[in-house]
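Encoded as structure tokens, the structure appears first; notes follow it.
The values are calculated or read from the model by the stated rules, or taken from the named source; none is laboratory data. Remember, predicted model here, so these are calculated numbers, not experimental data. Ideal geometry is used to build each Cβ from the backbone, glycine not excepted, and the neighbour counts take in all protein chains shown. Please note that ligands, DNA and RNA were not included when accessible areas were found on the heavy atoms of the full protein model with its side chains. Shrake-Rupley method; radii C 1.70, N 1.55, O 1.52, S 1.80 Å.
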Amino acid sequence: MTAVRISDLALEFTGATTVRALDGVDLEVDAGSSVAIVGESGSGKSTLAAVIGRLQPRSARIVRGELEVDGIDVLGLGHEALRTYRRDTLAYIAQDPIGSLDPTMRIGAQLKLVLRSVGDDGSLPRQIELLESMRIADPGRVVRLFPHQISGGMAQRVAIAMAMCRRPKLLIADEPTAALDSQVREEVIRLLFTQAREQGTTILWLSHDLPAVARWCDEVAVMYAGRVVERGPAAAVLGSPVHPYARALAATDPSRARRGERLSSIPGSPPVLHGESEGCAFAARCAHRIDACDVIRPEPVPPRHSLCIRTAELVDADRRARLLPEEEVSA
Ligand SMILES: Nc1ncnc2c1ncn2[C@@H]1O[C@H](COP(=O)(O)OP(=O)(O)OP(=O)(O)O)[C@@H](O)[C@H]1O
Ligand SMILES: [Mg+2]
């Protein structure tokens with residue numbers, strides 16, 4: 001069963017200048033799976049996450065496309081249906097854990113509200129039970145504290161507890177651990193994924209942390225300039241990427257570099273689009289660019305829905321490089 005189906009979704013921010021943040025996104029996510037959305041800053045990850053909950057700002061205009069979550073046509077929902085959809089289907093975990101909690105209410109009072117909204121009595125023992133399920137030590141004390149009195153890691157665990165007790169079908173986590181230090185980060189990710197797997201919740205995880213993505217996610221979708229340029233099993237996309245941008249991105253991942261090897265970074269910066277990209281948006285930075293790349297707008301091709309007109313050639317070259325000794329390939 002498909003949890004999320006997005007086709008050719010385009011969105012622009014209007015204002016003094018128009019910014020096209022999504023330029024024809026195609027994505028399919030299986031129910032119960034975990035999918036990472038990766039890509040440089042500005043590639044459109046957060047905009048995509050927002051539009052899935054119809055939470056984009058008023059200045060955003062949907063240009064075209066379709067968006068279905070759990071069989072629901074999200075873009076067509078009326079006011080009431082949208083509220084129900086947000087309440088029953090979706091949950092978000094934001095980057096700033098403390099900011100996502102209400103600063104004026106004690107943790108216990110916030111847990112009580114969430115528990116009651118799902119038909120629980122929200123009593124103190126239930127609040128404590130919920131915190132214990134998140135492996136929070138001394139929950140009896142924590143319920144009496146205000147958000148500013150707890151650490152970022154603990155606040156994120158509280159936020160996960162509040163999100164998961166609603167048993168969402170889809171959990172969207174926008175860099176949930178970016179603000180945390182590294183040991184806490186691993187614990188929080190483990191908790192998030194364990195809880196989601198137990199409940200069969202689909203996860204969309206927006207992340208810059210490729211090693212963690214490789215460890216935790218089933219699939220990876222690579223975004224560039226408002227499109228998904230490659231998607232597929234995490235090990236395949238990160239281990240043997242096909243699209244030139246995905247190749248460059250995977251090569252910047254420090255965990256792939258051998259000792260003493262220089263880390264490569266992608267020269268140049270991503271474009272800010274003001275309308276539909278005519279050719280390939282990555283062409284200006286691409287090591288494999290040919291003239292046609294500037295004028296042909298790439299459509300997804302196998303394998304991995306790669307948005308590159310040279311995909312077949314590149315895959316073929318990879319295959320030969322692996323099968324033949326180096327001299328024979330260059331000859
Ligand atoms: N409210 C807004 N008004 C105008 N432009 C915006 C707005 N929000 C985002 N953008 C632009 O849309 C594009 C995509 O931004 P988005 O925040 O979705 O990227 P991102 O992939 O989440 O980046 P990051 O990794 O930094 O979080 C960028 O060019 C950004 O400047
Ligand atoms: Mg973002």
Options E278, E299; residue that is in a loop (DSSP other than H, G, I, E, B), loosely packed, with under 13 Cβ neighbours inside 10 Å, touching a residue at least 12 places away in the same chain (Cβ under 8 Å) and in the same structural domain as A36 (by TED's automatic domain parsing)
E278
Kindly provide the set of residues from the stretch 302-313 that are closer than 14 Å to M223 by Cα and assigned to a loop (DSSP other than H, G, I, E, B), ordered by number.
R304, H305, L307, C308
Qualifying residues in the stretch 306-316 (those that are open to solvent by 40 Å² or more (accessible area, probe 1.4 Å) and among the hydrophobic types (A, V, I, L, M, F, W, C)) - the one nearest to the chain's Cα centre (by Cα)
I309
If E12 passes every condition in (1) buried (at least 24 other Cβ atoms within 10 Å of the Cβ); (2) part of a strand (DSSP E or B); (3) within 11 Å of ligand 1 (Cβ to nearest atom) but one, which one does it miss?
(1)
Within the stretch 56-76, residues surrounded by 14 or more Cβ atoms within 10 Å (Cβ to Cβ) and within 16 Å of ligand 2 (Cβ to nearest atom) come out as Q56, A60
How do the pairs read when you match residues in the stretch 94-109 that are within 10 Å of A159 (Cβ to Cβ) and more than 16 Å from ligand 2 (Cβ to nearest atom) with residues anywhere that are in a loop (DSSP other than H, G, I, E, B) and not polar (S, T, N, Q), using Cβ under 9 Å and keeping only pairs 6 or more apart or on different chains?
I98/I150; I98/A179; L101/F146; L101/I150
Which pairs do you get when a residue that is outside the structural domain of S7 (by TED's automatic domain parsing), found in the stretch 33-52, comes within reach of a residue that is more than 9 Å from ligand 1 (Cβ to nearest atom), reach meaning Cβ atoms under 9 angstrom, with the pair 6+ apart or on two chains?
none
P103 - would you say it is more than 20 Å from I6 (Cα to Cα) and not in a helix (DSSP H, G or I)?
yes
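A quick yes/no check of all residues on (1) of a type in the set (K, R); (2) surrounded by 18 or more Cβ atoms within 10 Å (Cβ to Cβ):
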position	(1), (2)
S34	no, yes
G42	no, yes
G78	no, no
L82	no, no
L101	no, yes
K112	yes, yes
R116	yes, no
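Conditions (1) part of a strand (DSSP E or B); (2) on the phi > 0 side of the Ramachandran plot; (3) modelled with pLDDT of 95 or more; (4) within 8 Å of ligand 1 (Cβ to nearest atom), marked per residue:
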position: G32; (1), (2), (3), (4): no, yes, yes, no
position: A36; (1), (2), (3), (4): yes, no, yes, no
position: S46; (1), (2), (3), (4): no, no, yes, yes
position: A50; (1), (2), (3), (4): no, no, yes, yes
position: L55; (1), (2), (3), (4): no, no, yes, no
position: G65; (1), (2), (3), (4): yes, yes, yes, no
position: E68; (1), (2), (3), (4): yes, no, yes, no
Provide a single number: the residues in the stretch 122-140 that are touching a helix residue (DSSP H, G or I) at 6+ places or on another chain (Cβ under 8 Å), assigned to a loop (DSSP other than H, G, I, E, B) and among the aliphatic types (A, V, I, L, M).
2
Inspect the stretch 187-209 for any residue being assigned to a loop (DSSP other than H, G, I, E, B), more than 16 Å from ligand 2 (Cβ to nearest atom) and among the hydrophobic types (A, V, I, L, M, F, W, C) and give the result as yes or no.
no
For the stretch 118-129, which residues satisfy the criterion of being touching a residue at least 24 places away in the same chain (Cβ under 8 Å) and either under 26 Å from the mean Cα position of the chain (by Cα) or surrounded by fewer than 13 Cβ atoms within 10 Å (Cβ to Cβ) (or both)?
V118
Taking the stretch 34-49 on its own, how many of its residues are near ligand 2 (Cβ under 9 Å from one of its atoms) and closer than 10 Å to L204 by Cα?
1
Tell me yes or no: at least one residue of the stretch 141-150 is closer than 18 Å to V184 by Cα, touching a Pro at 6+ places or on another chain (Cβ under 7 Å) and in a strand (DSSP E or B).
no
